[in-house]
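Worksheet: the structure to be examined is printed underneath.
The values are calculated or read from the model by the stated rules, or taken from the named source; none is laboratory data. Keep in mind it's a predicted model, so treat the numbers as computed, not measured. No Cβ is skipped: glycine too gets one built from the backbone with ideal geometry, and neighbour counts run over all protein chains shown. Quick note on the areas: whole protein, heavy atoms, side chains included, nothing else; ligands and nucleic acids left out. Shrake-Rupley method; radii C 1.70, N 1.55, O 1.52, S 1.80 Å.
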Amino acid sequence: YEDDQYTHIHGSRRHHGTLMAEEAKKLAAYAAVDNHIQNNQVVGVGSGSTIVYAVDRLAERVRQEKLNIVCVPTSFQARQLILQHGLTLSDLDRHPELDVAIDGADEVDAALTLIKGGGGCLTQEKIVAGCAKHFIVIADYRKDSKALGQQWKKGVPVEVIPMAYVPVSRAIARRFGGEAVLRMAVSKAGPVVTDNSNFILDWKFEHAENWKEVNTAIKMIPGQYR
């Protein structure tokens with residue numbers, strides 16, 4: 001799907017299983033890089049497993065085509081990927097305007113509304129995307145839904161200042177229903193801590209909403225960064 005800002009690129013629907021899903025991610029990532037990145041661009045590099053394939057392809061094209069590309073990361077993971085592949089690393093201080101940003105998504109509905117933040121990098125991803133002239137979303141067939149919540153069952157991630165996580169959680173549940181749960185770490189005791197030293201709430205909503213209004217309303221709650 002494509003409009004003025006967003007391109008949603010699907011992998012093949014013909015195959016299933018883990019290996020085929022990985023191949024779909026790779027094909028979608030390669031297509032995004034091949035179709036939307038050109039010489040002499042500043043590129044925002046997203047986070048997550050799909051972006052690993054995109055950076056692989058970007059580095060391959062830079063070497064083969066002698067491209068002049070500057071990369072701005074959205075997370076520590078993205079920064080490490082850029083450095084490991086020998087690409088030129090920069091930041092928004094030096095390059096506040098990007099030609100294109102490429103990122104993944106956890107779910108995409110029919111209106112191209114995205115759920116992002118499953119990997120915990122949502123705030124920096126949103127900042128970088130907002131600085132880009134074009135935002136390219138890579139999503140294989142497993143991320144495609146007619147309505148949010150059909151595929152992604154973990155809720156809408158909301159990054160919060162630690163001291164505010166209880167008030168923000170209560171405010172979201174009181175206004176929109178459902179439950180906003182503090183995301184707990186797997187290999188450490190306590191909550192997930194983002195690259196910005198914040199916590200993440202996962203809001204498990206009960207039914208479809210007017211997502212534009214919900215997004216604005218949540219943003220107005222003091223203490224959150226969604």
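Tabulated values for the structure
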read-out	value
Close pairs (9 angstrom Cβ cut-off, 6 or more residues apart or separate chains): closer than 14 Å to A164 by Cβ in region 185-201, at pLDDT 95 or above and aromatic (F, W, Y) anywhere	P191/Y165; P191/F199; N198/Y165; F199/Y165; I200/Y165; L201/Y165
Options A171, A132, A139; residue that is open to solvent by less than 30 Å² (accessible area, probe 1.4 Å), among the small types (G, A, S), under 26 Å from R57 (Cβ atoms) and in contact with a helix residue (DSSP H, G or I) (Cβ under 9 Å, 6 or more places away or on another chain)	A139
Selection count, region 42-81, where residues are more than 11 Å from I102 (Cβ to Cβ), open to solvent by less than 20 Å² (accessible area, probe 1.4 Å) and not hydrophobic (A, V, I, L, M, F, W, C)	1
Test: residue in region 133-140 that is modelled with pLDDT under 95, out of contact with any Pro (no Cβ under 6 Å at 6 or more places or on another chain) and farther than 24 Å from N39 by Cβ	yes
Selected residue (criterion: modelled with the highest pLDDT) from residues of region 207-219 that are under 17 Å from Q151 (Cβ atoms) and open to solvent by 50 Å² or more (accessible area, probe 1.4 Å)	H207
Selection count where residues are outside any loop (DSSP other than H, G, I, E, B), closer than 18 Å to D106 by Cα and in contact with a Phe, Trp or Tyr (Cβ under 8 Å, 6 or more places away or on another chain), scope region 184-213	2
Qualifying residue in region 149-170 (condition: among the small types (G, A, S), at pLDDT below 95 and not assigned by the TED database to the domain that holds S49)	yes
Residue match in region 129-138 (condition: part of a strand (DSSP E or B), closer than 22 Å to Y225 by Cβ and touching a Leu at 6+ places or on another chain (Cβ under 6 Å))	yes
Inter-residue pairs, beta-carbon under 6 Å, first free of Cβ contacts under 8 Å to residues at least 24 places away in the same chain and farther than 21 Å from E23 by Cβ and in region 140-157, second open to solvent by 40 Å² or more (accessible area, probe 1.4 Å) and not in a loop (DSSP other than H, G, I, E, B), 6+ apart	none
Test: residue in region 152-162 that is part of a helix (DSSP H, G or I) and either open to solvent by 20 Å² or more (accessible area, probe 1.4 Å) or over 24 Å from I102 (Cα atoms) (or both)	yes
Criterion: of a type in the set (K, R), farther than 20 Å from F76 by Cα and at pLDDT below 95 - qualifying residue of K146, K188	K146
Number of the condition not met by L67 [criteria: (1) farther than 26 Å from N196 by Cβ; (2) under 18 Å from the mean Cα position of the chain (by Cα); (3) part of a loop (DSSP other than H, G, I, E, B); (4) of a type outside the set (D, E)]	(2)
Given (1) touching a Lys or Arg at 6+ places or on another chain (Cβ under 8 Å); (2) open to solvent by 40 Å² or more (accessible area, probe 1.4 Å), index of the condition D106 fails	(2)
